[in-house]
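Below is one structure, written out as structure tokens; comments come after it.
None of the figures in this text is laboratory data; all of them are computed from the coordinates on show. Bear in mind the structure is a predicted one, so any value in this text is a computation, not a measurement. Note that each Cβ is placed from the backbone with ideal geometry, even for glycine, and that neighbours are counted across all protein chains shown.
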Amino acid sequence: MNNRFELEKGSRKYICPNCGKMSFVYYRINGNGAIIHESVGRCDRIEKCGYHKKPREWFNEHPTIRPDYKSVKPIPEVTTNPISYIPLKYIDERANTRNSNFVYFLFNLFDWETIKKTIDPYFIGCTEDMAVVFPQIDEQGKCRTAKVQKYDRETGKRQGVYLYHGDKKIKPNLPNPYNLQMCLFGLHLIRSKNNIGKTVCICESEKSAIIAAGCMPEHIWMAAGALDWLNVEKLKPLRGWNIVLFPDTSTTGLAFKKWTKIADEATKAGLLVMVSTMLEDNCTDEEKANGYDLGDYLIDRILNKKQAIEPETPEEEPQAEQYSVSDDLKNMIRLNPAVQMLINNFDAVEVSTTES
Ligand SMILES: [Zn+2]
């Protein structure tokens, strides 16, 4: 009965919903390791921030939500208080500069025209110290927050990170307390007429999403922002869209398992979600140990020019049989040829709708 929730052990830290620094420890549900909500946990900057939201406190604030102890499911995210937003002028100011180290790194992969075409729809910005700003703009065109990420100029490896609503320059102009409800990076792209009918592909990192968008603009690319930031609630604005998830790899396949479970839940909720097995199937053990992701996979193929992903020739008849797809999926393919193309290109699997 005790300790249904525990602060995560170990040295792993996440972004604090209050100060936005990489100093947050989640409470996790014993049994399945799911988080309760991205705001429930403790900030390790005890003096400077002091944020600590206990599970009991959160459940008191959300009386309609009760943890399902028996099946230890992650609890769906709900909004009882109005969601807080960052006025778009702060994002526009940021979007005016394309000088971040991240964009500089993209020059290793793409030409300037491709880079502009790829990054501008995301309103990607830059801070004074060259960190990239990845805004989370929702399906109504409102900005929930932005992830500010420093990358090494040459290697593209991540350095520091924080959430923009915690930035001391804009914080005084934002609601206090700030009711953070994050959304998928790139979610606003479903508002564009040009994107109707495209398949929505979701990676873990914004970097992967952008690189993939540069390579495959025929799809809409979004990012969860972190492994634990994806949940069924965040997928709900995508009802009616074909969705394919691209979890990162690891030695244990943890991300793949977690996201497959979310896809399964989302499918039960009536969404059209599949999970790509491409990375699981094709990455070496060493690559998996390094947490290889879609961005890494594409970078390797662009830079080494090895086995670049072959574009599907439109004349070619879809060969559904050889993938032994179910009738449901066949119907989905008929509705949207992009799904067949994704299966060909990415080994996407249909998510089972039965308990496993
Ligand atoms: Zn904090």
Check your understanding: What FRET efficiency comes out for the pair Asn173/Asn304, r = Cβ-Cβ distance, R0 = 56 Å, nearest 0.05?
Key -> 0.75
Exercise for review: Can you give me the P(r) profile for the range 83-183? Cα pairs, bins 5 angstrom wide beginning at 0, each as a whole percent.
Suggested key: 2, 13, 24, 24, 18, 11, 5, 2, 0
Review point. How high is the FRET efficiency from Glu128 to Arg12, r the C-beta distance, R0 22 Å, rounded to 0.05?
Key: 0.15
Review point. Put +1 on the Cβ of every Lys and Arg and -1 on every Asp and Glu Cβ in the range 83-183; which of Phe102, Tyr178, Gly156 then has its Cα farthest towards the positive end of the dipole?
Key: Tyr178
Check your understanding: Taking only C-alpha pairs under 8 Å that are 6+ residues apart, what is the relative contact order of the range 2-61 in percent?
Key -> 27 percent
Review point. Using just the C-alpha positions of the range 184-244 as equal point scatterers, what log10 of I(q)/I(0) does the Debye formula give at each q in 0.27, 0.30 1/Å?
Key: -1.24, -1.44
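Shape of the range 191-312 from its Cα gyration tensor (a ≥ b ≥ c, root eigenvalues): rounded if a/c is under 1.5, otherwise prolate when a/b > b/c, or oblate?
It comes out oblate by the Cα gyration axes.
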Revision key, fill the gap. Taking Cα atoms only, Rg over Rh for the range 2-61 with Rh from the Kirkwood formula is 0.95
**Study point:** Potential lengthening between Lys116 and Asp44 on full extension [0.36 nm per residue; Cα-Cα distance subtracted]
**Key:** 22.1 nm
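Set the bar at 23 Å for Cα to Cα. Now go through Lys236/Lys258; Lys21/Lys198; Lys89/Lys236 and name every pair that lies beyond it. Please list the in-between numbers first.
On the way: Lys236/Lys258 17 Å; Lys21/Lys198 35 Å; Lys89/Lys236 27 Å.
Exceeds cut-off: Lys21/Lys198; Lys89/Lys236.
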Study note, to complete from the structure: Taking R0 as 56 Å and r as the Cβ-Cβ distance between Thr155 and Thr64, the FRET efficiency 1/(1 + (r/R0)^6), rounded to the nearest 0.05, comes to 0.75
Check your understanding: Among Ile35, Phe24, Phe59, whose Cα sits farthest toward the positive end of the charge dipole of the range 2-61 (+1 at Cβ of Lys/Arg, -1 at Cβ of Asp/Glu, about the Cα centre)?
Key -> Phe24
**Study point:** Peptide ranges 45-57, 200-212 listed from the most packed, as the mean C-beta count within 10 angstrom indicates
**Key:** 200-212, 45-57
